[in-house]
Amino acid sequence: MKISNFISFEGIDGAGKTTQIKLLKEKLESNNYKVFVFREPGGNKVNEQIREIILSKDFNITRESEILLFLASRAELVNQVIVPLLKDNVFIICDRYVDSTLAYQGYGRNINLEFIKKLNSFVTADLLPTCTFYLDIPIDVMIERKKGGKYDRMEQSGLDFFKKVRNGYLELVKYENRIININANREIRDIELDIWEIMKSNFKGVLK
């Protein structure tokens, strides 16, 4: 089930998702839409506590526990937050969603992709965004942008891990029409304009 006013953003760390989500939210609000932005994991009190566990460097979490924590958070977000909000003239923007699990835990952690797809389907009841913006940057750009910053547990997974994650996203783009590959190694304004043109194309006669 795809919902026309549900949009997600994907990308490796440092791709600029937070910035572009903020700009899209402002643009949609200028078109008189109410916009809700959520991050994964996160979205309510339960999920914020799950987020702390997942990202904490104090824990050495197995890949099996990691994926189940992400999926538990997603189940809460979809059922307790997103579904009740989906209605006319409301946009939902999610910072990461089902594709993150395929990229990070599937390609990155080498967990069976078909198994992950079944789990994603179960926890979301097949709720998918109509449009997913994948912000793509090379690994060396990610390293440069993250230089000097603090790293959480996921961000400490190593260079080979992030190479596999990025390659995973590029594979997903090939067969999932919903995912739009955006070159994010450019000026912020250029990326913003590309995203808005795609939004206008998806919502012809509605957005300006």
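If you go through region 171-180, how many residues are surrounded by fewer than 16 Cβ atoms within 10 Å (Cβ to Cβ) and not in a helix (DSSP H, G or I)?
The initial filter retains those residues of region 171-180 that are surrounded by fewer than 16 Cβ atoms within 10 Å (Cβ to Cβ), namely 171, 174-178.
Those left that are additionally not in a helix (DSSP H, G or I): 176-178.
Result for region 171-180: 3.
Take GLU114 and tell me if it is free of Cβ contacts under 8 Å to residues at least 40 places away in the same chain and either among the hydroxyl-bearing types (Ser, Thr, Tyr) or open to solvent by 70 Å² or more (accessible area, probe 1.4 Å) (or both). Write out each step before concluding.
Details: free of Cβ contacts under 8 Å to residues at least 40 places away in the same chain: yes; either among the hydroxyl-bearing types (Ser, Thr, Tyr) or open to solvent by 70 Å² or more (accessible area, probe 1.4 Å) (or both): yes.
Judged against the criteria, GLU114 is a match.
May I ask you to list the residues in region 120-145 that are more than 14 Å from the chain's Cα centre (by Cα), more than 18 Å from VAL165 (Cβ to Cβ) and not in a loop (DSSP other than H, G, I, E, B)?
Result: SER121, PHE122, VAL123, THR124.
Could you grab me the full set of residues in region 189-208 that are touching a strand residue (DSSP E or B) at 6+ places or on another chain (Cβ under 9 Å) and in a loop (DSSP other than H, G, I, E, B)?
Within region 189-208, just PHE203 meets the criteria.
Suppose we keep only residues that are outside any loop (DSSP other than H, G, I, E, B) and out of contact with any strand residue (DSSP E or B) (no Cβ under 6 Å at 6 or more places or on another chain) within region 78-99. Which one would you say is surrounded by the fewest Cβ atoms within 10 Å (Cβ to Cβ)? Even if it seems obvious, please write down each step before you answer.
Taking region 78-99 and keeping what is outside any loop (DSSP other than H, G, I, E, B), we get 78-85, 90-95, 98-99.
Subset that is out of contact with any strand residue (DSSP E or B) (no Cβ under 6 Å at 6 or more places or on another chain): 78-81, 83-84, 98.
Numbers: VAL78: 18, ASN79: 14, GLN80: 13, VAL81: 17, VAL83: 14, PRO84: 8, VAL98: 27.
The selected residue is PRO84.
Give the residue that is least open to solvent (accessible area, probe 1.4 Å), with candidates limited to residues of region 28-73 that are basic (Lys, Arg) and in a helix (DSSP H, G or I). Break it down stepwise before answering.
First, pick out the residues of region 28-73 that are basic (Lys, Arg): 34, 39, 45, 51, 57, 63.
Checking the rest, the ones that are also in a helix (DSSP H, G or I) come to 45, 51, 63.
Numbers: LYS45: 171, ARG51: 50, ARG63: 97 Å².
Here the residue is ARG51.
Can you tell me how many residues within region 87-98 are out of contact with any helix residue (DSSP H, G or I) (no Cβ under 6 Å at 6 or more places or on another chain) and at pLDDT 95 or above?
So in region 87-98, the residues out of contact with any helix residue (DSSP H, G or I) (no Cβ under 6 Å at 6 or more places or on another chain) come out as 87-90, 94, 96-97.
Filter once more, so that each one left must be at pLDDT 95 or above: 94, 96-97.
Of the residues in that region, 3 qualify.
Give the residues of region 77-115 that are under 13 Å from the mean Cα position of the chain (by Cα) and small (Gly, Ala, Ser), sorted by residue number.
Passing the criteria: SER100, ALA103.
Considering only region 162-194, state which residues are within 23 Å of ASN5 (Cβ to Cβ) and more than 15 Å from the chain's Cα centre (by Cα). Working first, answer last.
Taking region 162-194 and keeping what is within 23 Å of ASN5 (Cβ to Cβ), we get 172-173, 176-182, 191-194.
Correct list: ASN177, ILE191, GLU192, LEU193, ASP194.
Conditions first: (1) touching a helix residue (DSSP H, G or I) at 6+ places or on another chain (Cβ under 6 Å); (2) in a helix (DSSP H, G or I); (3) more than 19 Å from THR19 (Cβ to Cβ). ILE111 passes all but one, so which condition is the exception?
Of everything listed in (1) touching a helix residue (DSSP H, G or I) at 6+ places or on another chain (Cβ under 6 Å); (2) in a helix (DSSP H, G or I); (3) more than 19 Å from THR19 (Cβ to Cβ), ILE111 misses just condition (2).
What residue, of GLY108, GLY149, GLY168, is surrounded by 15 or more Cβ atoms within 10 Å (Cβ to Cβ) and modelled with pLDDT under 95? Outline the logic, then answer.
Working: GLY149 fails: surrounded by 15 or more Cβ atoms within 10 Å (Cβ to Cβ); GLY168 fails: modelled with pLDDT under 95.
Exactly one residue qualifies, and that residue is GLY108.
What are the pairs, 6+ residues apart or on separate chains, where a residue within region 63-74 that is more than 14 Å from GLU52 (Cα to Cα) has its Cβ under 8 Å from a residue that is assigned to a helix (DSSP H, G or I) and among the aliphatic types (A, V, I, L, M)?
From residues that are more than 14 Å from GLU52 (Cα to Cα), the pairs are ILE67/ILE116; ILE67/LEU119; LEU71/LEU119; LEU71/VAL123; ARG74/VAL98; ARG74/VAL123.
Can you tell me which residues in region 16-26 are crowded, with 18+ Cβ neighbours inside 10 Å and either out of contact with any Asp or Glu (no Cβ under 7 Å at 6 or more places or on another chain) or not in a helix (DSSP H, G or I) (or both)?
Of everything in region 16-26, those that are crowded, with 18+ Cβ neighbours inside 10 Å and either out of contact with any Asp or Glu (no Cβ under 7 Å at 6 or more places or on another chain) or not in a helix (DSSP H, G or I) (or both) turn out to be GLY16, LEU24.
The values are calculated or read from the model by the stated rules, or taken from the named source; none is laboratory data. In this text, all values refer to a predicted model and were calculated from it rather than measured experimentally. In this analysis, Cβ positions are derived from the backbone assuming ideal geometry, glycine residues included, and neighbour counts consider all displayed protein chains. In case anyone asks, the SASA skips ligands and DNA or RNA and just uses the protein heavy atoms, side chains included. Shrake-Rupley method; radii C 1.70, N 1.55, O 1.52, S 1.80 Å.
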